[in-house]
Amino acid sequence: MKKNVLVLTMMLAMVLCACGGSSKKIEGEVNTSNEQTQETEATTEESAAAHKGYTYVYNDVVVEIDADAEKVVEQLGEPLSYFEAPSCAFEGIDKIYTYSSFEIETYPMEGKDFVSMVTFKDDSITTPEGVAIGDSVDKVKEVYGDCAEEGGMLVYEKDGMKLCFIVKDGAVVSVEYKSTVLDE
């Protein structure tokens, strides 16, 4: 029943946000099991460094913004849920793949799907540099340096993508890796 409520909530959020804005808030039950161990942090940092922009690494799978989504999803395995809707910005279908601790959104272009966003759902995962939901703004700035601050977000931009930390009361409440393909 709770899973159905989560799926319905996600579908409603997509419909409401489909043409409205680039950020979404999807609520539901989260899995708090620790799925990414600190043992792999050194390996994942090295792996992420070989790619452009900021990358998210999950179980040795590098998720790069604007990368071929088919390859990423294949490496990550079966998602917990999947949702699609007609794209407002492109010809084709936008897709959301939900895993236990994060979501991947895609956009279509020239017959292929590309990763447009990765959103953390809980504090059981971290960026390759070690920042998680719940960490302080001071920790984010210590790890990543100074940045642009836009309406409650710390925004780092590199190689045509953004790493956004949404903050409230001095703490990170969401982490989003975003494409800038729609910013142009």
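The values are calculated or read from the model by the stated rules, or taken from the named source; none is laboratory data. If you're wondering where the values come from, they're calculated on a predicted model, not measured in any experiment. No Cβ is skipped: glycine too gets one built from the backbone with ideal geometry, and neighbour counts run over all protein chains shown.
The table below gives the values:
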| read-out | value |
| --- | --- |
| Residues of segment 133-184 that turn out to be assigned to a loop (DSSP other than H, G, I, E, B) and among the hydroxyl-bearing types (Ser, Thr, Tyr), as a count | 1 |
| Positions within segment 102-130 being within 24 Å of Leu80 (Cβ to Cβ) and among the aliphatic types (A, V, I, L, M), in sequence order | Ile104, Val115, Met117, Val118, Ile125 |
| Residue match in segment 131-151 (condition: touching a residue at least 24 places away in the same chain (Cβ under 8 Å), more than 16 Å from Val72 (Cα to Cα) and within 13 Å of the chain's Cα centre (by Cα)) | yes |
| Residue count, segment 113-125 (criterion: polar (S, T, N, Q) and surrounded by 21 or more Cβ atoms within 10 Å (Cβ to Cβ)) | 2 |
| Filter result for the condition that a residue is at pLDDT below 95, surrounded by fewer than 20 Cβ atoms within 10 Å (Cβ to Cβ) and under 17 Å from Ala171 (Cα atoms), over Glu149, Glu110, Glu142 | Glu149 |
| Residues located in segment 157-184, provided they are surrounded by fewer than 18 Cβ atoms within 10 Å (Cβ to Cβ), over 14 Å from the mean Cα position of the chain (by Cα) and more than 21 Å from Pro108 (Cα to Cα) | Glu157, Lys158, Lys168, Asp169, Gly170, Ala171 |
